[in-house]
1. Which condition number does D128 fail, the rest of (1) touching a Leu at 6+ places or on another chain (Cβ under 6 Å); (2) part of a loop (DSSP other than H, G, I, E, B); (3) farther than 20 Å from G39 by Cβ being met?
2. Given the conditions (1) in contact with a Lys or Arg (Cβ under 8 Å, 6 or more places away or on another chain); (2) under 14 Å from A180 (Cα atoms), and given that R82 satisfies all but one, which numbered condition is not satisfied?
3. Does Q350 qualify as being surrounded by 15 or more Cβ atoms within 10 Å (Cβ to Cβ) and within 21 Å of Q420 (Cα to Cα)?
4. Within segment 106-138, count every residue that is over 27 Å from the mean Cα position of the chain (by Cα) and open to solvent by 70 Å² or more (accessible area, probe 1.4 Å).
5. Please identify the pairs in which a residue from segment 394-405 that is free of Cβ contacts under 8 Å to residues at least 40 places away in the same chain and in the same structural domain as N418 (by the TED database) has its Cβ atom under 8 Å from the Cβ atom of a residue that is of a type in the set (D, E, K, R) and open to solvent by 20 Å² or more (accessible area, probe 1.4 Å), counting only partners at least 6 apart or on another chain.
6. If only one of A315, A299, A291 is touching a residue at least 60 places away in the same chain (Cβ under 8 Å), open to solvent by less than 50 Å² (accessible area, probe 1.4 Å) and either outside the structural domain of A401 (by the TED database) or over 27 Å from the mean Cα position of the chain (by Cα) (or both), which one is it?
7. How many residues, within segment 164-177, are part of a helix (DSSP H, G or I) and either more than 11 Å from I146 (Cα to Cα) or basic (K, R) (or both)?
8. Taking K389 as meeting all but one of (1) open to solvent by 60 Å² or more (accessible area, probe 1.4 Å); (2) assigned to a helix (DSSP H, G or I), write down the number of the exception.
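The values are calculated or read from the model by the stated rules, or taken from the named source; none is laboratory data. None of the values given here were measured: they were computed from a predicted structure. As a convention, Cβ positions derive from the backbone with ideal geometry for all residues, glycine included, and neighbour counts pool all protein chains shown. Areas reflect the complete protein model, heavy atoms only, side chains present, ligands, DNA and RNA absent. Shrake-Rupley method; radii C 1.70, N 1.55, O 1.52, S 1.80 Å.
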Amino acid sequence: MSDTRKISSALISVFHKDGLAPIVKKLDALGVTLYSTGGTQKFINDLGIKVIPVEDVTDYPSILGGRVKTLHPKVFGGILNRQDNDSDVREMGQFNIPQLDVVIVDLYPFEKTVSSGASEQDIIEKIDIGGISLIRAAAKNFKDTICVSSMEDYEDFLSVISENDGDISLADRKRFAAKAFNVSSHYDTAIFNYFNSDHAIAALKVSETNGKVLRYGENPHQRGFFFGDFDAMFDKLHGKELSYNNLLDVDAAVNLMNEFKGEAPTFAILKHNNACGMAQRDSILDAYNDALAGDPVSAFGGILISNSEIDASTADEIHKLFCEVVIAPSFSEEALAILKGKKNRILLIQKDAVLPKTTVRTCLNGVLVQDKDHKTDTVSELTNATNNKPDARELEDLMFASKICKHTKSNTIVLAKNKQLCASGTGQTSRVDALRQAIEKANGFNFDLKGAVMASDAFFPFPDCVEIAKTAGINAVIQPGGSIKDQLSIDYCNEQNMPMVFTGTRHFKH
């Protein structure tokens, strides 16, 4: 038997009807017998095209409020029969089962219903039974049947039947079967994750249907892919395609700036997932200039992000710097014209989008999953560990530094003054090394650390860090606390009249 099949019959039963009309008209022009149900049947009739109700085939009406329409042996027999199997062919004739060469079915919008905040009853009603069964049956029997399982595939299917006059190759049928199983597996994953939202069942099911092949991975010899809906998060206005490393830095930038959402104009510059410059000021221009002053060397080739609209004067300054990506909630028209002056510079408008609540990463021969660190330290939760309390300015700087510290690779120490990042020690195996690195860097860029504050992502087991900090001119400290030797650091700070506050929350980032 030839691998090519001439289609002669089709079952069409869809929720989404946009783009369906050209397919129905083409099938009719090819002389294909059409079967349908409910709203789709009416849609086809309204086109003036003859269609046979499924009830006429099954001799059974749609029942239970439409919950049972196509679940019948005469429907599934027409889909699952093997045309090269003599027994199947005899039974088709014996039970008067019509052959179904094409199945065009989509699924109720379960995920959209969940995200809309609908009631549980409405969500449950959007769990498709008949549709998912038809898709699996038609995809399984791809040797004889072609399955169109999503409105996104309507154009592709129309092209196939138009170019070949209704003849469909085995390769095309198998290709559409793969698409169908992609749809069905994603659908089942979404349903499971809804029912297992509390993670009572220790099972991981992740499904992303939006995939993009990247130029390469972290390095040119590695392949790279991004799975996710990038367009839901950003409007890309200009520039080259984002690389694997760009995406990691953009992710770090977004997570950091989310800590400052709705606050005064704030600007950050990131490199290799860590902030190398950050400042909060009365204008975004001043915030950018002071962020850049934090480390103008590392800023080269960095990722820039703002929590406020970027105006022309700020764009003029940014344009002097080679940077990979600029992210903002908006750009003025003048700013856009300036920043587009570099053809490869990526310009992104950040939208309000829901971010994942968990993080997933490979580990050994499996994966590690954890809740995202959504905890942001607040003034109301601080404990004054020392006799001397921070004044208002110091408190503002401590909270500013704490937010940056949370998003910096451990072990880390962050130094800040007047809501400007002076320097940070990042990714060090020793907290003392992180502090020394930060002090050396701050001094290298001519920061006066007298009156600065220090933030640590974890507690101090010894007083060495507060001793070094005080010698450098640092006035106040914020750290989680919790060491059995906390008192050693507290005693030193009390001796030096150096305020230290505990957050009670560690923020490791590995």
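1. Every listed condition holds for D128 apart from (3).
2. Only one criterion is unmet by R82, namely (2).
3. no
4. 3
5. Listed pairs, sorted by first residue: E396/K419.
6. The match here is A291.
7. Going through segment 164-177 one residue at a time, the tally reaches 3.
8. Single failed check for K389: (2).
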